[in-house]
1. Working only within the stretch 65-121, note down all residues that are among the basic types (K, R), closer than 29 Å to S208 by Cβ and without any contact (Cβ under 8 Å) to a residue 24 or more places away in the chain.
2. For the stretch 108-132, what are the residues that are crowded, with 17+ Cβ neighbours inside 10 Å, assigned to a loop (DSSP other than H, G, I, E, B) and of a type outside the set (D, E, K, R)?
3. Look at the stretch 444-484 and say how many of its residues are of a type outside the set (A, V, I, L, M) and either outside the structural domain of F416 (by TED's automatic domain parsing) or in contact (Cβ under 8 Å) with a residue 60 or more places away in the chain (or both).
4. Return the pair list, or none, for Cβ contacts closer than 7 Å from residues in the stretch 356-385 that are among the β-branched types (V, I, T) to residues that are assigned to a loop (DSSP other than H, G, I, E, B), at least 6 apart or on different chains.
5. Collect the residues in the stretch 488-522 that are in contact (Cβ under 8 Å) with a residue 24 or more places away in the chain and among the small types (G, A, S), keeping them in residue-number order.
6. Please pick out the residue among Y449, Y544 that is hydroxyl-bearing (S, T, Y) and surrounded by 14 or more Cβ atoms within 10 Å (Cβ to Cβ).
7. When you scan the stretch 140-169, how many residues do you find that are under 28 Å from G281 (Cα atoms), open to solvent by 30 Å² or more (accessible area, probe 1.4 Å) and within 29 Å of the chain's Cα centre (by Cα)?
8. Just one of (1) within 16 Å of the ligand (Cβ to nearest atom); (2) not assigned by TED's automatic domain parsing to the domain that holds F165 trips up V320, so point out which.
Amino acid sequence: MEEKRFYITTPIYYPSDKLHIGHTYCTVATDTIARYKRLCGYDVMFLTGTDEHGQKIEEKAKEAGVSPQEFVDKIVTGKGGILDLWKLMNISNDRFIRTTDDYHVVAIQRIFKKMYENGDIYKGAYKGMYCTPCESFWTESQLVNGCCPDCGRPVKYAEEEAYFFRLSKYAKPVQELLETGTFLQPASRVNEMINNFIKPGLEDLCVSRTSFSWGIPVDFDPGHVVYVWVDALFNYATALGFLNDRYDDFDKYWPYVHHIVGKEIVRFHSIIWPAMLMSMGMKLPNKVYGHGWLIIDGGKMSKSKGNVVDPYVLAEKFGVDALRFFLMRTFPFGSDGNFTNELLISTINTDLANDLGNLVSRTTAMVEKYFGGTLPAERETDALDEDLLGMIKSTRDKYEEQMEAFQLHVALEEVFKLIQRANKYIDETAPWILAKDESRKARLATVMYNLLEALRVALVLLTPFIPESCEKAFAQIGAQGEAVTWDKANVYGVLPATVTVHKGETLFPRIDMAKMLQELEKHDKPAAPAVKPVLPDVSIDDFYKNDMRVCKILSCEAVKKSEKLLKFTLDDGSGTPRQILSGIHKFYEPEDLVGKTVVAILNLPTRKMMGQDSNGMLLSAVREVDGKEELHLLILDDSVPAGAQLC
Ligand code: MSP
């Protein structure tokens, strides 16, 4: 007999920046599924964590002037960091792994060695294109317009001695696995993987690097660090104690693995991951589910685009449950969804404030008003009740079918059909008219009881989505113990006949759309750059003493032994090349500037810099954003001739 066990994971997050609402979406979805399975009586292991190695982190730490470990510690465990965010969002993970944890490091070294010893990892030389932000190697044929097919950013040529994993050897079994149709879902992702990656030919995968050091060292070959994706993927096994002594529930949960991942990392989870597991002789995951992205204005959220939405701000304004609900209710899990503040507010107002919140407050208010809070035991049924009672008994099955397929938004639709039916039942039965007639007390009590039963069932099914609100609502409708269990969510007549309600606070207050949009706008605007005050006046005659002219950059090179300086040879229109040195190497590469039309001030005294003459200064626009200096060289249209004077 199959054990009722369930192991579910989120991707482990890169602590390279603060997390945004897109990351929160994935974790809330996984949390909802984990809570659902617990509700159904499963022994659940829910894992999340952080993926802390790699070149990107090393570079970011260097920029910030701290060690990589200090850098990730701040983002993971610091105030307002990843752990705080999951606590705020009421994420019920059972375990949290950091890939810098000692037990994981040791286990990865053992795993790497095992694949080396079984001949699936071999030493070679890597020559190819590498995307630093994605930590991914790509073949020429995989590039899109010469850029990374995942993020669209430029890739760099990289060549180094490296270890390779024999991914090509596993092309056939991986394709067969994908073709089963159950391993990878939704189904559309299967064709994408087979057509885009397997059919063009799977090449062996470079699995070690020597050009940076922030990674897990290959213990039998110093200088090599394990490719970050090998390190990251095996977290799912090491967090259960695979090849380490920290935990010992690998055998217990491994046969029940389910991975929830974003669509851009499906390739790693459905091709590379099973191939490595096959190489290790390990059982394969039951399911990889690739969800879509939350997008804004049709594009991916990213810090560089300035369109990331802060979950802390949204949770503070709307409440954690309202935010969780919105994410799961609005966007079909599996497809992309366009995030807008308007949609967020209207979803909360319609579903939570109007439909659910109203049903709870109207029902409890009526029981208090008509019966002083406790229903009498007498009943009088009516044919009008049949439809609602039928839905009380049948909604759980429909919901279960959708939840099992991770169609979370459709499962919610089923619950809301019940809630809407109950609201309609109030209009049909008109309790305020029954209340006027003393002889209809039993009928009125029956109507109230049916409403409370409909609410009880709806709330049990909503618990995985909005756990805190359901707990409050259960207290209001007088439901507790067995009445709030999965087993009783398809049964009518569970609340005691003489149930007592306690009208409480409004669960989901209605939001004033216009006012809230205005408030949110303040947060959505990027921080205004610090603008320096205007300097005291100078006379126009003094201004004209500055000889500023258009110049063409004839050549540009980095000054040896200087990190900052670039040496320019300029055509200033005089016929004699002019040399200027400028400290802008941090912002520009020399080869990108040759041929550009720029502006220089020429009548400054000659300055010696690193032993070389500089005859003037190039003009740039500078400003400070978030404490960081930004510089833009003034670059003009090429039609402006050299020597033209600025006035
Ligand atoms: N570190 C890897 C995962 C390794 S798993 C062995 C990684 N980390 S990530 O922080 O970049 O992304 C974590 C997850 O967040 C991914 O599943 C990604 O798809 C998801 N999301 C990031 N932005 C998102 C949206 N805008 N919308 C939905 N999900 C998003 O990838």
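The values are calculated or read from the model by the stated rules, or taken from the named source; none is laboratory data. Please read these numbers as outputs of a predicted model, since none were measured by experiment. With ideal geometry, Cβ positions are generated from the backbone for all residues, glycine too; neighbour counts draw on all protein chains shown. Areas reflect the complete protein model, heavy atoms only, side chains present, ligands, DNA and RNA absent. Shrake-Rupley method; radii C 1.70, N 1.55, O 1.52, S 1.80 Å.
1. Within the stretch 65-121, K74 is the sole residue that qualifies.
2. T132
3. Adding up the residues that qualify gives 11.
4. The qualifying pairs are V360/L507; T364/V501; T364/K503; V367/G373; V367/L375; V367/V501; T374/T498.
5. Scanning the stretch 488-522 gives A489, G493, A497, G504.
6. Just one listed residue meets the conditions, Y449.
7. Summing the residues that are under 28 Å from G281 (Cα atoms), open to solvent by 30 Å² or more (accessible area, probe 1.4 Å) and within 29 Å of the chain's Cα centre (by Cα) in the stretch 140-169 gives 0.
8. Evaluating V320 over (1) within 16 Å of the ligand (Cβ to nearest atom); (2) not assigned by TED's automatic domain parsing to the domain that holds F165 leaves (1) as the failure.
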